[in-house]
Amino acid sequence: MAFSRKENLEEYKKSEEICEEIIGIEGIDDEEPKEQCQKQKHKMKIPKNMKITNIIKHRKNVNSEDDLIPEALLEVDLDTIEGIVESPGDPEVGCQKQKFRIKISEKIKILHFKKWQKNSQSPGTSSVELDFKGNLEQNRLAEAQQQLMKAEELLFGSKEVSRTEDEEDKLHMDYEIFVLHLRLAIHDSFSDDNQETLKSALTSILKEEAQDRRWMEVAMDQRPVWRPISCRQIHDTLLQTTVEERMKNAEDEQENKADILSTSLKREVFRMGKQVQKDLLRVVRNLKECYPPDFDICRTYAQLYHQTFSTRLQELARCKISSEDCLYILSWIVEYYPKDVLKHKELEEHINSSSLGPLLPEEDLKRLEEQYFSYKENNIRNWLSNAFEKEVKKWSDGIEPELMDGYYFSSLAFDVLPLIDGAVKDVNALLSCESKARSLLNQLDSFLLSYKTSLEELVKKKQENIPKTLTANLLNIYQFRDYVQKPEHPFLEDTRTACLSTLADLKKICHTYFLSRIHTELKPLYRKLWTQVWFSGHCEVVEELVKALENKTDSFKELKSVCREELLAELHLEVMVEYVRRMMKRNLKLKDKEQQEAAAEFICHDSNQICSVFAKVSMGQLQTSRFSSKIS
């Protein structure tokens, strides 16, 4: 039975007025008989069938010891009193009879009040044995429950004992008062100063459950009307209500961190998630010690908070939400809730997270995942398109690439690859679907094909900055290739092969641009090889070629080392191929063995000279790299 504070106060005042009339009767015993009877005639107006049903709630603050409170029970035979007061005859005789008849009776019990001792907020030991109301006021719920059980056994324990309806109503009312206090104790479970009261309440619940089971073996017409009370069910229902209230009001308690989030949905989800963690930690740290093992309270609270959180997330997921909010909900479902909340070091050993089930049903989760994946696909497509358009615009505008640490640099790969890699990792983590992650990487193939087409068009133009632009793009190509080749990146093999092929074509475009111009300039020197001029003035021809190679390779210093080495290796190979090609033309006629031996020596000498050029450049690059590393 639940009463508002106003109703309780009004009932309380009515009870005081009734009891003041009864106390007034007790106080006239010493007066003259005539005066006594006159006062009684006015004071005793209580109908005999009256039932007191008020619930007197606990006063937490008592201002003085003069306050009146319910403490003792006075049993009054109202039929006898009423008969004496209204009967004609000798007033003295009537009053004498009344004086002796106002004693404890078995017919009806009426509350009377006497001075209240100051309230104690928690159940504790008392040197004075308290009655039912006193135990309630002291929050000694276990003791109060024992008194109720004894009273119940007295009234219903034997068929030979007669009981009145008023006695049953009185005990029923006391049980309702007890249950009200029980509810208050459970509702205030998270209050630090309520722990002892909660322990007492839980003890009484176990005893009441046992009493319910005993009464269930008795015929319904022989058991009390309030049985079964089902205190455990009351407890469980109230826990659920309390959890729902705390989750609903989480917005008022979580501060600062939630306020910096960009949307109201993010703030709400964050506050609820943090409330789950905060309250479960309090359960493990504080409430667990109050509960008997039978309650398995950590698991119970975990299930209640999980279900409440899940219900609200379902409501949010079924609304039309932005992709940003969709991502945030998925992050809580996949990352924050299972790893940061349930796997907290203090919670993990007390909560079996696998038994809680998913936060969202499969249907709702799939819908969020599809929305998120579509969002990621569009994002990558836009990122690639915007980054590429920005790069091509620099080419067409003739903007010179920037120098960084002495090398020409383009930010295209630097801008694109982290975005792609991050998106792939996010999709893998949130969706646990490698096939979707791979499909994101397919967009890199089409991007590289567009890159190739634009670069082919660039080299056909006659712009002054093309060499510098290609120098910068060689590093982009190397970075893209390095990313594609790494096995940890989940490319489909067909996609990986296609990307590497396109990147090889891109590198060839750049290399061909540079090397074709070098070979064009070296062509007059190539023509002298394996001719009579070369044979007769061998040293001069080769030295001229070597100096020309040194001059051309010196222009590669603005290339990053890895790109320079690949370009030098290709140039070295092509020079040697040209040398052998000239030799195979047999323009030089060697007449005797002496000339043949001389030509053989010239071949070895030329090879060493040409190789030394590229070795010197590579060594110089190595020393430069080491020097740069020391500086950095």
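The values are calculated or read from the model by the stated rules, or taken from the named source; none is laboratory data. Please read all numbers here as calculations on a predicted model, not as lab measurements. Reconstructed Cβ throughout: ideal geometry from the backbone, glycine too, with neighbour counts over all protein chains shown. When the accessible area is computed, the model is the full protein with side chains, heavy atoms only, and any ligands, DNA or RNA have been set aside. Shrake-Rupley method; radii C 1.70, N 1.55, O 1.52, S 1.80 Å.
A simple count of charges around K394, restricted to other residues whose Cβ falls under 13 Å of its Cβ and scoring Lys, Arg +1 and Asp, Glu -1, yields -3.
Computed over segment 359-425, the P(r) tail beyond 18 angstrom holds 55 percent of alpha carbon pairs. Each part reduced to its alpha carbon centroid, segment 137-169 and segment 524-552 end up 122 Å apart.
Provide the FRET efficiency to the nearest 0.05 for the K616-N379 pair, computing r from the beta carbons and using R0 = 56 Å. It comes to 0.70. Once the 1.4 Å probe is applied to the protein heavy atoms, segment 383-439 comes out at 52 Å² accessible per residue. Considering segment 543-620, its Cα convex hull presents a mean projected area of 5.5 nm². Under a 5 Å amide H to amide H cut-off, with H placed in plane at 1.01 Å, what residues pair with M404 once short-range neighbours are removed? Under 5 Å from the amide H of M404: F409. Between amide H atoms placed 1.01 Å from N, distances below 5 Å from T531 occur with no residue 5 or more places distant or on a separate chain.
Looking at the square roots a ≥ b ≥ c of the eigenvalues of the Cα gyration tensor of segment 444-489, which shape do they give, rounded for a/c under 1.5, prolate if a/b is larger than b/c, or oblate? Note, shape of segment 444-489 comes out oblate. Here each label is just a point 7 Å from Cα along the line to Cβ, and for S607 and Q314 those points are 8.0 nm apart.
For segment 511-550, backbone nitrogen atoms closer than 13 Å to the point 7 Å from M583 Cα along Cα-to-C-beta are found at 529-531. A Förster radius of 45 Å, combined with the Cβ-Cβ distance separating Y513 from D421, puts the computed FRET efficiency at roughly 0.90.
Taking other residues whose beta carbon is less than 13 angstrom from the beta carbon of S446, and scoring Lys, Arg as +1 and Asp, Glu as -1, yields 0. Placing a label point 7 Å from the Cα of E362 along the Cα-to-Cβ line, the residues of segment 316-330 whose backbone N sits under 19 Å from it are 318. Here segment 384-475 has 51 percent of its accessible surface on carbon and sulfur atoms, given a 1.4 Å probe and all protein chains in place. Using R0 = 45 Å, the C-beta based FRET efficiency linking D192 and W226 works out to 0.85. Listed peptides 233-242, 131-140 appear in the order 131-140, 233-242 once ranked by packing, highest mean of other Cβ atoms within 10 Å at the front. In this label model, D131 and A504 are separated by 10.1 nm, measuring between points 7 Å along each Cα→Cβ vector. Measure out, as a whole number of angstrom, how far apart the alpha-carbon centroids of segment 385-433 and segment 258-304 sit. When both Cα centres are located, 43 Å separates them. Ranked from largest, the principal axis spans of the Cα set of segment 159-205 equal 47, 16, 11 Å.
What you get for segment 442-595, charging only the Cβ of Lys and Arg (+1) and of Asp and Glu (-1), is a dipole of about 660 debye around the Cα centre. For the residue pairs K394/K547; K248/K274; K133/K199; K170/K288, the alpha carbons lie more than 24 Å apart in K394/K547; K170/K288.
Packing-based ranking of 180-186, 590-596, 496-502, 515-521 yields 180-186, 496-502, 515-521, 590-596, ordered from highest to lowest mean Cβ neighbour count within 10 Å.
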